[in-house]
Amino acid sequence: MVFNVNEKEGLTLLQTLPSKKDDLEVNNHCADIHIDKNGKFLYGSNRGENTIATFKIGKDGLLTLAGYTSCGGDWPRSFILDPTGKYMLVGNQKSDSISVLKINRRTGLPSKLVSGVKMKIPACLKFY
């Protein structure tokens, strides 16, 4: 959902988009959401579908679906964009793994699985 925020009127709904593929019949739960450092792309994780949904952010603030990418595991609980904006790390709770995906700078889509590491029930990822 995209809202306009107005100090006097509060929130006004501007747009509603699905987070998962329309044709997929799975019990899906959205988990985490982030915007890239340039403010061009919004990312959301889908538990159940096991994807990262990528949306392009328009100049008007409205979203356009760019695509879906496998999270590289099962039940993406948390994910984070690295400070350079080149990589996404995804904590996959049920597969006990953290996936490292390369982000295509032009399309914004996470694509190639670069690496991964086994870790018991990753729940929150942060860069310090």
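Table for the structure above
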{"quantity": "Matching residues in the range 42-63 - criterion: being over 21 Å from C124 (Cα atoms), among the hydrophobic types (A, V, I, L, M, F, W, C) and surrounded by 15 or more Cβ atoms within 10 Å (Cβ to Cβ)", "calculated": "F55, I57, L63"}
{"quantity": "Cβ-Cβ under 9 Å pairs, at least 6 apart or on other chains, the range 115-128 side free of Cβ contacts under 8 Å to residues at least 24 places away in the same chain and over 10 Å from D96 (Cβ atoms), far side of a type in the set (D, E) and part of a loop (DSSP other than H, G, I, E, B)", "calculated": "none"}
{"quantity": "Residue list for the range 67-113, filter: touching a Leu at 6+ places or on another chain (Cβ under 6 Å) and within 12 Å of D36 (Cβ to Cβ)", "calculated": "I80, M88, P110"}
{"quantity": "Number of positions in the range 1-58 that are assigned to a strand (DSSP E or B), over 15 Å from D74 (Cα atoms) and charged (D, E, K, R)", "calculated": "1"}
{"quantity": "Tabulated pairs, the range 97-108, first in contact (Cβ under 8 Å) with a residue 60 or more places away in the chain, second charged (D, E, K, R) and not in a loop (DSSP other than H, G, I, E, B), C-beta under 7 angstrom, 6+ apart or interchain", "calculated": "G108/K56"}
{"quantity": "Matching option when the condition is touching an Asp or Glu at 6+ places or on another chain (Cβ under 8 Å), closer than 17 Å to M1 by Cα and polar (S, T, N, Q), among S45, S78", "calculated": "S45"}
{"quantity": "Elements of type strands (runs of 3 or more DSSP E) contained in the range 69-128, each with 3 or more residues being out of contact with any Ser or Thr (no Cβ under 7 Å at 6 or more places or on another chain) and at pLDDT below 95", "calculated": "110-118"}
{"quantity": "Hits in the range 5-44 - residues which are among the aliphatic types (A, V, I, L, M) and either under 22 Å from C71 (Cα atoms) or at pLDDT below 90 (or both)", "calculated": "L17, L24, V26, A31, I33, I35, L42"}
{"quantity": "Qualifying positions in the range 45-66 - in contact with a strand residue (DSSP E or B) (Cβ under 8 Å, 6 or more places away or on another chain), of a type outside the set (A, V, I, L, M, F, W, C) and under 14 Å from L14 (Cβ atoms)", "calculated": "G58, G61, T64"}
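The values are calculated or read from the model by the stated rules, or taken from the named source; none is laboratory data. Model, not experiment: these values are computed from the prediction. With ideal geometry, Cβ positions are generated from the backbone for all residues, glycine too; neighbour counts draw on all protein chains shown.
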